[in-house]
1. Would a scan of the stretch 259-282 turn up a residue that is in a strand (DSSP E or B), open to solvent by 30 Å² or more (accessible area, probe 1.4 Å), under 29 Å from Met91 (Cα atoms) and in contact (Cβ under 8 Å) with a residue 60 or more places away in the chain?
2. Just need a number here: residues in the stretch 293-344 that are touching an Asp or Glu at 6+ places or on another chain (Cβ under 7 Å) and among the basic types (Lys, Arg).
3. Just give me the residues in the stretch 292-323 being of a type in the set (A, V, I, L, M) and closer than 15 Å to Asn75 by Cβ, in sequence order.
4. Keeping to the stretch 190-239, report how many residues are among the hydrophobic types (A, V, I, L, M, F, W, C), assigned to a strand (DSSP E or B) and open to solvent by 20 Å² or more (accessible area, probe 1.4 Å).
5. Considering only residues that are of a type in the set (Asp, Glu) and modelled with pLDDT of 95 or more, look in the stretch 219-254 and name the one that is nearest to Pro197 (Cα to Cα).
6. Give the stretch 304-340 a look and list any residue that's more than 26 Å from Met91 (Cβ to Cβ), assigned to a helix (DSSP H, G or I), touching a residue at least 40 places away in the same chain (Cβ under 8 Å) and over 19 Å from the mean Cα position of the chain (by Cα), or say none.
7. If you go through the stretch 110-123 one residue at a time, do you hit one that is buried (at least 16 other Cβ atoms within 10 Å of the Cβ), touching a Ser or Thr at 6+ places or on another chain (Cβ under 6 Å) and at pLDDT 90 or above?
8. When you scan the stretch 242-258, do you find a residue that is touching a residue at least 40 places away in the same chain (Cβ under 8 Å) and more than 16 Å from Trp329 (Cβ to Cβ), even just one?
Amino acid sequence: MQFLNALLGRIKLIILWVVRILFAPDHFHQSVFTRIRYAVCGGYMPDQVMLYDFKHNDPGEYLSEFDWYRSRSINGHYSHMLNNKVVFAEMVRQFCPTPEIYAVKKDERLAGMHGRKIDTYQDILSLLREVGCFVVKPVNIGKGIGIRIVKLTDEGILHNGEPMSETELLQALKGTKNWHIVAYARQADYLNRIYAPSANTVRMIVLRSAQTGEFELSFAVQRIGAGWTGSVDNGSRGGLIAMVNVETGELSEARTLHDLRVYEKHPDTGSPIKGIIIPGWESIREGVLSVSANFPYLDIIAWDILPTNEGFTVIEANTSSGVNIIQLWGPQRYGRLGEFYREHGVIK
């Protein structure tokens, strides 16, 4: 059985390599030779060749996309707990603020949560009239895929910022399975000043130290939406990413994963990004570490938190984090993340 599990794991990695690396989207229009060369000799996506500037930098200094895929097994069987957004939200809500789950859809069945009666799609419209805004999210898909921000205004329904009728909304919800509806979280004022149309989350990566056994905050980035990303902030969708100084909470300039531009100010609003300090950062940092301590069976947690005027709310957590958003500011194969990967046998 162990042999079969190992074999299936390898087959899965090969499929991921073909689909997600060799044939990954190429925003920089690399040659076929370059694409194949770096996919075969290192496991890099074509975009990473440009983002990491392999013309001038040594690929051997960087963690590859294939390394990241292998790292997703570090938490073992507990990865499933993080990957299922409903399960994890129900667990974490006893330790810190997290948006309330109003309802879930499992296959074709609707179910209200926490005493709410939501058995029909008309109940969802009643919920919208009650709360004014909610977010529909897939249960186990990341990268901002399938997220719907639904708001009720005086003019009608807005779906990801675009007008939509009640009939169209219900048709969209009926056409997809396995999603959940959560409360819309209000972000901190500093984020609204930078860019208000999207919820701009902070990815906080905590790693369990092999020496102390305690969680440490190793990396953090501020993700920011823009006109071209719609209602989401995800880097994989071309959103802006600024490094956060984990000691002070100060933001660096912002970059994206789709081009080489650098933004010290937001391209749509002109609001400063570089040099902004996240209000209450020390409290946020200590709060996330405190919540992490309640999950001693995990070795890595990639938190997505939304700073609020009252502190922070946990949007979700992930069993790993893409290496792109960290290595935009320098290689990590021999840095803290590479060291962590070696401790867990991901790389040598």
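The values are calculated or read from the model by the stated rules, or taken from the named source; none is laboratory data. Computed from a prediction, not measured in an experiment: that's the story for all the values here. Neighbour counts are summed over all protein chains in view; Cβ atoms, including those assigned to glycine, are modelled from backbone coordinates with ideal geometry. Calculation scope for accessible area: heavy atoms of the full protein, side chains included, ligands and nucleic acids excluded. Shrake-Rupley method; radii C 1.70, N 1.55, O 1.52, S 1.80 Å.
1. Within the stretch 259-282, the subset in a strand (DSSP E or B) is 263, 265, 272, 277.
Right, trim to open to solvent by 30 Å² or more (accessible area, probe 1.4 Å) and you get 265, 272, 277.
Next cut, under 29 Å from Met91 (Cα atoms) only: none.
No, there is no match, as no residue in the stretch 259-282 is in a strand (DSSP E or B), open to solvent by 30 Å² or more (accessible area, probe 1.4 Å), under 29 Å from Met91 (Cα atoms) and in contact (Cβ under 8 Å) with a residue 60 or more places away in the chain.
2. Going through the stretch 293-344 one residue at a time, the tally reaches 1.
3. Within the stretch 292-323, the first condition is being of a type in the set (A, V, I, L, M), and the residues that meet it are 293, 298, 300-302, 305-306, 314-315, 317, 323.
Within the stretch 292-323, Leu298, Ile300, Ile301, Ala302, Ala317 meet the criteria.
4. If we filter the stretch 190-239 for residues that are among the hydrophobic types (A, V, I, L, M, F, W, C), which is where we start, we get 191, 194, 196, 199, 202, 204-207, 210, 215, 217, 219-221, 224, 226, 228, 232.
Then drop every residue that is not assigned to a strand (DSSP E or B), which leaves 202, 204-207, 215, 217, 219-221, 224.
In the following step, the residues that additionally are open to solvent by 20 Å² or more (accessible area, probe 1.4 Å) were identified as 215, 217, 219.
The total comes to 3.
5. Filtering the stretch 219-254 down to residues of a type in the set (Asp, Glu) leaves 233, 247, 250, 253.
Imposing the further condition that a residue be modelled with pLDDT of 95 or more reduces the set to 247, 250, 253.
Details: Glu247: 28, Glu250: 22, Glu253: 20 Å.
This residue is Glu253.
6. Arg336, Gly338
7. no
8. Step one: of the stretch 242-258, the residues touching a residue at least 40 places away in the same chain (Cβ under 8 Å) are 243-244, 252, 255, 257-258.
Then drop every residue that is not more than 16 Å from Trp329 (Cβ to Cβ), which leaves 258.
Yes - at least one qualifying residue is present in the stretch 242-258.
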